Amino acid sequence: MNDRFLKACRREPVDCTPVWMMRQAGRYMAEYRALREKYTMLEICKQPELAAQVTKQPLVHGMDAAILFADILLPLEPMGASFEFAKGDGPVIHEPIKTEAQIDKLVVIEPEEGLGYVMEAIKGLKKDLPVPLIGFAGAPFTLASYLVEGGKSTNFLKTKRFMYEEPAAWSKLMGKLSEVVRRYLHKQIDAGADAVQLFDSWVGNLSPDDYSEHVSAHVAHILKDVEKRGVPVIHFGTGTHSLLELQREAGGTVIGLDFRTPLDVGWEKVGPDRAVQGNMDPTVLFAPPEIAKKHASRVLDRAKNRPGHIFNLGHGILPETPVDTVKAVVDHVHEKSAR
Ligand code: CP3
């Protein structure tokens, strides 16, 4: 198995910088769009052979890791909060959380109950995958934001109001989510995941004080425990420039950096005892390949071939991204960083 991704996560020397891209399986690939003609997103997630097939699709670009095809929202359904992916609108939670009574009804599931298909997909993939497999889950703040807003949000007003007005109910909600996520990541590792990533995509909307008061203990509940398994644990968020030190404290052997923080500045905040993952702006992939490569070089220059850098985008790849530029950037990262 190509193990340069795992080596970099452990800050060991590598022959060249490993690369993968968040949301690397998805709509920018014709093979994925073809499958989506026949199946919905959730149907693909719930059929292990299809999920495995989609997980492998982006490996043609030379990625050094695969990320399981699934979604951070999947655990919400067996917990009792049903949702759908509405065409063009993103996720829609059928009954957004407004009251403590609704939180009391959420079930702290064992992941086998209702999420067994995820572990089946991992087991199937592990039979012949040529690169490490990354499992993942959503972090409690990001999941709570979908539950309370009912879908995507720009200012997180409902979520923050709930957090400020009903701190005890908020803590109960975060406690339930973090316990489910903790169990779920353990089960993914049991099934064979070589690394796991916690997506706290929207946490950067909080001030450091609010993060400390209302979020970090719940993230630590997950990460400090899962880290004991000895597999790399990637802790990712966006808009986190002022949270990086706090995120580092909450846990993660690898810290994800978004594109708003220069990689070396972010690494300084994260500290030399952690690896970093990132952080090219995903929109750069829409520029001519030569420009995209220049931007990739800038990220590599800031990493200076120090052990412990995994090249990635600063956030997920966008649906219309030109495939040829993806491939050109992957090859360029490998060539330019060759030791
Ligand atoms: O990275 C991968 O290739 C693995 C698959 C993956 C998906 N979602 C598939 C998906 C991963 C890791 C996720 C994580 C996820 N899901 C996050 C965190 C990552 C991030 O970008 O911050 C979030 C916030 C979600 C919630 C979610 N799922 C949203 C907001 C949407 C709609 C987005 C959109 O652009 O329509 C989804 C649906 C979703 N999840 C799609 C895919 C490929 C699109 C489904 C489709 O229509 O085919």
### 11 Å beta-carbon shell around Asp3, net charge (K/R +1, D/E -1)
-1
## Note on the structure
Expressed as a whole-number percentage, the relative contact order of the chain with C-alpha contacts under 8 angstrom and at least six residues apart is 22 percent
### Surface/4 of the Cα convex hull for region 1-47, nm²
4.9 nm²
### Task
Would you mind checking Lys7/Lys187; Lys123/Lys172; Lys123/Lys224; Lys123/Lys336; Lys7/Lys127 for any pair whose Cα atoms are more than 27 angstrom apart?
Lys123/Lys172; Lys123/Lys336
### Message
Quick check: with the 1.4 Å probe, what order do Trp267, Trp202 take by accessible area, largest first?
### Response
Trp202, Trp267
### Query
Looking only at Cα atoms, what is the convex hull volume of region 1-99 per residue, in Å³?
148 Å³
### Message
Rolling a 1.4 angstrom probe over the protein chains, ignoring ligands and nucleic acids, what is the accessible area of Leu6 in square angstrom, nearest 10?
### Response
20 Å²
### Task
List, in the order given, every pair from Lys98/Lys126; Lys56/Lys293; Lys46/Lys327 whose Cα-Cα distance in the structure shown is over 31 Å.
Lys98/Lys126
#### Entry: Dipole magnitude of the chain, debye to nearest 20 (Cβ charges: Lys/Arg +1, Asp/Glu -1, about Cα centre)
660 debye
### Task
With a 1.4 Å probe and every protein chain kept in, tell me what percent of the accessible surface of region 211-339 is carbon plus sulfur.
53 percent
#### Entry: Dipole moment magnitude, nearest 20 debye, region 1-87 about Cα centre, only Lys, Arg, Asp, Glu C-beta charged
180 debye
### Message
So for each of 115-126, 224-235, 164-175 I average, over its residues, the number of other beta carbons within 10 Å; can you give me the resulting order with the highest mean first?
### Response
115-126, 224-235, 164-175
### For Ile255, residues with placed amide H under 5 Å, excluding near neighbours
His235, Ala275, Val276, Gln277
### Task
Kindly report, to the nearest 10 Å², the accessible surface of Lys336 as traced by a 1.4 Å probe over protein heavy atoms only.
90 Å²
### Folded to 0 to 90 degrees: helix 140-149 orientation relative to the chain principal axis, Cα
60 degrees
## Note on the structure
Calc'd 3J(HN,Hα), region 152-160, phi into Karplus 6.51 cos²θ - 1.76 cosθ + 1.60 (θ = phi - 60°), Hz, glycine/Pro = x, comes to 6, 8, 9, 10, 6, 4, 4, 4, 5
### Task
Find the Rg to Rh ratio for region 78-174, where Rh is the Kirkwood radius over alpha-carbon pairs and Rg uses the same atoms.
1.05
### Query
If amide H atoms are built 1.01 Å from N in the plane of the peptide, which residues on other chains or at least 5 residues away come under 5 Å of the amide H of Phe83?
His94
## Note on the structure
Other residues with Cβ under 14 Å from the Cβ of Lys123 give, with Lys and Arg +1 and Asp and Glu -1, a net charge of -3
### Query
If Lys and Arg each add +1 and Asp and Glu each add -1, what is the summed charge of the other residues whose beta carbon sits under 13 Å from the beta carbon of Arg260?
-1
## Note on the structure
What helix-only [θ] at 222 nm does the chain give? Using -39500 (n - 2.57) per DSSP H run of at least 4, over all residues, to the nearest 500, the answer is -14000 deg cm²/dmol
### Message
Between 0 and 90 degrees, rounded to the nearest ten: what's the tilt of helix 112-126 against the longest Cα principal axis of the chain?
### Response
10 degrees
#### Entry: Accessible area in square angstrom per residue, region 175-289, 1.4 angstrom probe
32 Å²
### Message
Which one, Thr238, His94, Thr321, projects farthest toward the positive side of the charge dipole computed for the chain from Cβ point charges (K/R +1, D/E -1)?
### Response
Thr321
### Message
Based on alpha-carbon centroids, what's the gap between region 42-77 and region 258-274 in Å, whole number please?
### Response
28 Å
### Message
Against the empirical 2.2 N^0.38 Å scaling, what ratio does the C-alpha Rg of the chain come to?
### Response
0.94
### Query
Most mobile of Tyr39, Tyr28, Tyr184 per a Gaussian network model of the chain (Cα springs, under 10 Å)?
Tyr39
### Query
Share of antiparallel DSSP beta bridges in the chain, in percent to the nearest 5?
15 percent
### Summary
Taking placed amide H atoms and a strict 5 Å upper bound, the residues 5 or more places from Met22 or on another chain that come that close are Leu313, Ile317
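The values are calculated or read from the model by the stated rules, or taken from the named source; none is laboratory data. If you're wondering where the values come from, they're calculated on a predicted model, not measured in any experiment. Cβ atoms come from the backbone with ideal geometry, glycine included; neighbour counts cover every protein chain shown. What goes into the accessible areas is simple: the full protein's heavy atoms, side chains included, and nothing from ligands, DNA or RNA. Shrake-Rupley method; radii C 1.70, N 1.55, O 1.52, S 1.80 Å.
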